[in-house]
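Everything on this sheet refers to the single structure shown next.
Nothing in this text is a laboratory measurement; each read-out follows from the coordinates by a stated rule. Because the structure is a prediction, the values reported are computed rather than measured. Every residue, glycine as well, gets a Cβ built from its backbone with ideal geometry; the counts of neighbours run over all protein chains shown.
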Amino acid sequence: MQVDLRSSWHIRNLEIPTRLVLAPMAGVSVQAFRRQGRRYGAGLVCSEMISCAGIEHGNERTLGYLRVGSDEHPLAIQLFGSESVVMAEAARMVEAAGADLVDVNYGCPVRKVTRTGAGASLLDEPDRACRIVEAIASAVTVPVTVKLRRGVEDGARTCLEVGPALVEAGAASLTLHPRSAQQMYTGEADHALTAELVELVDVPVVASGDITSRARA
Ligand SMILES: Cc1cc2nc3c(=O)[nH]c(=O)nc-3n(C[C@H](O)[C@H](O)[C@H](O)COP(=O)(O)O)c2cc1C
């Protein structure tokens, strides 16, 4: 299939001017990096993952991540956490900060995050994962999106069950990074799985992983 990477698409009513999305990267996706991403063609950029507990506790550094420039739209701000009430409250602050999308992280494989019940560990707790999305979707008016991995274990196809359930719970778009959490950043992203997910949901699906050239994009 040929897709014009410069064509626009929508998440609900939000127009994204190109088909390229800048992947969120902790420690990297600061405002300057996001601006460069947009300058080089990204239609949508995203903050790095932000701790909802950090927002709840008014952590100064965390609140700094919520600074949004007027030239930054459309912008997603990504949250991680495991408690729906805290996530919903953090999402309200993200919306108030000016984000166009609240993105939820169900992909982070790092132990510091998964041991708190957040990130990729939520793929093994689909009910909780859906409750968090539901709570955020009722707390904010901007669309809620979710970034997920294929599953926790190697070879897992969990995303094909959890993905549609998250859409049912209110997710307006999904980004799939089709590696397992166990794989971390090794091996290949299996985009055959991304294609399967596309068939199962009626919201846009963003493919993340191994997009190393225009041809691969
Ligand atoms: C240094 C680094 C930090 C990352 N931080 C985040 C993050 O905060 N949130 C997130 O959803 N994904 C994060 N990711 C995953 C990327 O967004 C992306 O899904 C993944 O790198 C895609 O695989 P690729 O490296 O093969 O392109 C990170 C990746 C890297 C390399």
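The order of ASP190, ASP154, going from fewest to most other C-beta atoms within 10 Å of their C-beta, is ASP154, ASP190. Taking the centroid of alpha carbons for each part, region 101-165 and region 1-63 are 18 Å apart.
Computed on the chain, with alpha-carbon pairs under 8 angstrom and 6+ residues apart, the relative contact order is 14 percent. Using the rule -39500 (n - 2.57) for each DSSP H run of four or more residues, divided by the residues of the chain, the 222 nm mean residue ellipticity is -9500 deg cm²/dmol. How far apart, in nanometres, would the label points at VAL110 and GLU161 be if each is projected 7 angstrom from Cα along the Cα-to-Cβ direction? Here the modelled spin labels are 2.9 nm apart.
Can you give the log10 of the normalised intensity I(q)/I(0) at q = 0.21, 0.27 Å⁻¹, computed with Debye over equal Cα scatterers of region 1-67? Log10 I(q)/I(0), no solvent term: -0.89, -1.10. For region 158-201, the list of GluC sites (Glu not before Pro) that fall in a loop by DSSP and count at most 14 other C-beta atoms within 10 angstrom reads GLU188.
Magnitude of the charge dipole for region 13-111, about its Cα centre and with charges confined to Cβ atoms of Lys, Arg (+1) and Asp, Glu (-1), is about 420 debye. Computed extension length for ALA217-SER8: 73.8 nm, one decimal, from 0.36 nm per residue of separation with the Cα-Cα distance subtracted. Go ahead and run the numbers for FRET between THR141 and GLN182, Cβ-Cβ distance against an R0 of 35 Å, rounding to 0.05. The formula returns an efficiency of 0.45 here. In this structure the amide hydrogen of CYS46, modeled in the peptide plane, comes within under 5 Å of the amide hydrogens of LEU22, ALA76, none closer than 5 places in sequence on its chain.
Working note: Cα gyration tensor of the chain, eigenvalues times five, square-rooted, sorted largest first, giving semi-axes of 23, 21, 16 Å.
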